[in-house]
Amino acid sequence: MTFKRLVLIVLTVCVVFSVGLRLWQSWSQPQFQSRLELYQTNLVLQASEYRGDDTNLNSARRALLGAEPIKIATEEYQTFRKSVQKNLERTQSLLNASPVEPGTLELTASRQKQLALELDLRMGILQVAKGQIDDAQQTWAEAIQQAGSEASLESLSKTAGALVGLWSTPPQLTPDAEPLLKKNLDGWFRYRSLTQLYQLQQRQDALLQLQAEEQQAAERAYRNLAIVGGIPVLGCLIGMGILLFLLGQWLVRRKQSFLAADGMATWSVPWDGELVWQVLIFGFFLMGQILLPLVLDIVRALSGFSPSAVGVRAKAVYVLVDYLLLTIGGLGVLYLSIREFFPLPEGWFRFNWKGGWFWWGFGGYFAALPLVIVVSLVNQAIWKGQGGSNPILPIALEVKDNVALAIFFLTASVAAPIFEETLFRGFLLPSLTRYMSIWGAIALSALIFAVAHLNLSEVLPLTTLGIVLGFVYFRSRNLLSSILLHSLWNSGTLLSLMILGNSG
């Protein structure tokens, strides 16, 4: 056994342990999809207050909002609240059993408690809207009890107390009720609580102004809901049409169809599997999961810089720099590994602006939509709201700063597609065809691509997306097509987050 191979084996063990640990840790984290559904639920609640003059509004309302938005919202909040409580109990048990990283675990527990209280405030208002005043009072009382004397939860506890007073008999208005409600509630929940406050205070001018603001917000939410809900539906219909066309063509033409891959020429692979192994271990997993985080930790320790303590623009720049360093390191390892084989055989790493690459990428995006959505629904049923998510997504959802959003778009829609498509489709997929069929290479490269994102809940959806990306690249033989598809996918996700996050 050569020294190089021995080093690869040792590093592989380290990387497998690191990746396995990250995947295991993601199992205890809530899926971002669950949180995203709450944002959409809030959007539905806000839009339900819209009172337009259009005579066709009622039918459109039913289609967009459903028959009973309050009831549906209550059920979704209860489900998410149970998930948060389960995570909190798991974190507390870890703290009690083995406080290996008490600082990190305590911070996680504190955030989970805060989220639980925020949910309780909103659940109580939903119960009030259903006429369940006693249940709402109990929900808020339990929130106050859970907050205890923790300083970080004091504001939320006082807000719960203000809500108790608003719906007590007789009412008991606290002097700081208005600023507390404005600070800790948003959207539909803020309007409901402030409406109750102004009615009790008999502040007619403030109430009229609030109602006018609510109508503007409701109209905006209604429009955004139509965009967030309507465009994906339209995209899925187009995608289903493309998939049915491909299926019909395959049934009629078989070996001459677009889906027939066995008869097409593959790449001439001048290197063996050990080099592929080397590039993946050194260029992606070791660089991205061990070396780069270690270097950044040292830099943060020496400089005193903390991403969690800076503004959103600095966070966005930090994420971009982190990804650019990973790209430079990963592609650098790839170049150094294959340079002895230059000039490469024809067809490798093609970036050709001519041909039909645009239509392959554009059509592949629509074809991926229904496939990934169906798999995501199955995936949610499997993981039941657990499994973690990309840490960038929650940040992007709450960003109101246009500069920060532009930087996130640059990271997700330009840097990530170029790097990941070059590595996983440009290098890995063709390299695997030396040892397996093209469909096997597409599937395996897609699975590795999904696992590389280090979240259990994303493995199935990202594998599905990776298969479409691989098929598009194989058929077009042009990295621009899969980069375009990847960029469209990430851009669509960020646009949806931006619309949902700015609808309050």
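The values are calculated or read from the model by the stated rules, or taken from the named source; none is laboratory data. This one's a predicted model, so the numbers in the text were calculated from it and none came from an experiment. No Cβ is skipped: glycine too gets one built from the backbone with ideal geometry, and neighbour counts run over all protein chains shown. Ligands, DNA and RNA are excluded from the accessible area calculation, which covers all protein heavy atoms including side chains. Shrake-Rupley method; radii C 1.70, N 1.55, O 1.52, S 1.80 Å.
Do we have T12 as assigned to a helix (DSSP H, G or I), under 26 Å from P293 (Cα atoms) and at pLDDT 80 or above here?
For T12, the condition - assigned to a helix (DSSP H, G or I), under 26 Å from P293 (Cα atoms) and at pLDDT 80 or above - is met.
Return the total of residues in the stretch 417-437 being open to solvent by 10 Å² or more (accessible area, probe 1.4 Å) and hydrophobic (A, V, I, L, M, F, W, C).
Number of matching residues: 3.
Please go through the stretch 168-195 and pick out each residue that is open to solvent by 60 Å² or more (accessible area, probe 1.4 Å) and either on the phi > 0 side of the Ramachandran plot or among the polar types (S, T, N, Q) (or both).
Hits for the stretch 168-195 are T169, Q172.
Only one residue in L246, L275, L251 is open to solvent by 70 Å² or more (accessible area, probe 1.4 Å) and modelled with pLDDT of 80 or more. Which one?
L251
Can you give me the ranges of the helices (runs of 4 or more DSSP H) entirely in the stretch 380-491 with at least 2 residues that are at pLDDT 85 or above and more than 21 Å from L286 (Cα to Cα)?
Fully inside the stretch 380-491 and qualifying: 402-410, 438-451, 459-476.
Kindly indicate which of Q146, Q138, Q127, Q114 is open to solvent by 30 Å² or more (accessible area, probe 1.4 Å) and at pLDDT 90 or above.
Every option except Q138 fails the conditions.
Checking the structure you have, find out if any residue of the stretch 262-271 is in a helix (DSSP H, G or I) and crowded, with 17+ Cβ neighbours inside 10 Å.
No: zero hits.
Residue-wise test of (1) of a type in the set (V, I, T); (2) under 15 Å from L45 (Cβ atoms).
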position	(1), (2)
L126	no, yes
K130	no, yes
I133	yes, no
Q137	no, no
A143	no, no
G148	no, no
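Any idea which residue in the stretch 20-75 is surrounded by the fewest Cβ atoms within 10 Å (Cβ to Cβ), counting only those that are at pLDDT below 70 and among the aromatic types (F, W, Y)?
It comes out as W27.
Let me confirm something: among L210, L225, which residue is open to solvent by less than 70 Å² (accessible area, probe 1.4 Å), of a type in the set (A, V, I, L, M, F, W, C) and closer than 30 Å to A177 by Cα?
Of the residues listed, the single one that is open to solvent by less than 70 Å² (accessible area, probe 1.4 Å), of a type in the set (A, V, I, L, M, F, W, C) and closer than 30 Å to A177 by Cα is L210.
If only one of A412, A446, A452 is of a type in the set (A, V, I, L, M, F, W, C), over 21 Å from L36 (Cα atoms) and in contact (Cβ under 8 Å) with a residue 60 or more places away in the chain, which one is it?
So the residue among A412, A446, A452 that is of a type in the set (A, V, I, L, M, F, W, C), over 21 Å from L36 (Cα atoms) and in contact (Cβ under 8 Å) with a residue 60 or more places away in the chain is A452.
All but one of (1) aromatic (F, W, Y); (2) modelled with pLDDT of 90 or more; (3) open to solvent by 40 Å² or more (accessible area, probe 1.4 Å) hold for F366, so report the exception by its number.
(3)
From the list H453, H486, which one is under 20 Å from L326 (Cα atoms) and either more than 23 Å from the chain's Cα centre (by Cα) or open to solvent by 30 Å² or more (accessible area, probe 1.4 Å) (or both)?
H453
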